[in-house]
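Chemist: One structure, as structure tokens, below. Some questions next.
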């Protein structure tokens, strides 16, 4: 479940800063002084980089899963 959530969040953070939703949202229409900061390519790159890190973390968690420990059956002597 954690791996799926990290992949989805990473994909969203990777894509969202470069979409039109990023440029036309509630905060930019109500707080126009945020526009130079939020629309700056460096901030978009930072957010996309966090998305890439999320995806890499998800793959790392997926690959590091251990096999379940098998408990031997008890012998009734």
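Chemist: Specify which labelled value, from (1) 55; (2) 66; (3) 77, agrees with percent of Cα pairs over 15 Å apart derived from the coordinates of the model shown.
Modeler: Read-out taken from this structure: (2).
Chemist: Taking Cα atoms, how many degrees apart are the long axis of helix 2-15 and the longest axis of the chain, rounded to 10 and kept between 0 and 90?
Modeler: 20
Chemist: Further question on the same structure: 222 nm [θ] for the chain, helices only, -39500 (n - 2.57) per DSSP H run of 4+, per residue, to 500?
Modeler: Taken over the chain, the calculation gives -19000 deg cm²/dmol.
Chemist: So, in nm, how far is label residue 19 from label residue 71 when the simple model puts each one 7 Å beyond its Cα toward the Cβ?
Modeler: Between residue 19 and residue 71, the simple spin-label model gives 4.6 nm.
Chemist: By how many degrees, 0 to 90 and rounded to 10, does the Cα axis of helix 41-63 deviate from the longest principal axis of the chain?
Modeler: It is inclined by approximately 10 degrees.
Read-outs: derived from the displayed coordinates by stated rules, not from any lab. Keep in mind that this is a model prediction, so the values were computed, not measured. Here Cβ is always computed from backbone atoms with ideal geometry, including for glycine, and neighbour counts include all displayed protein chains.
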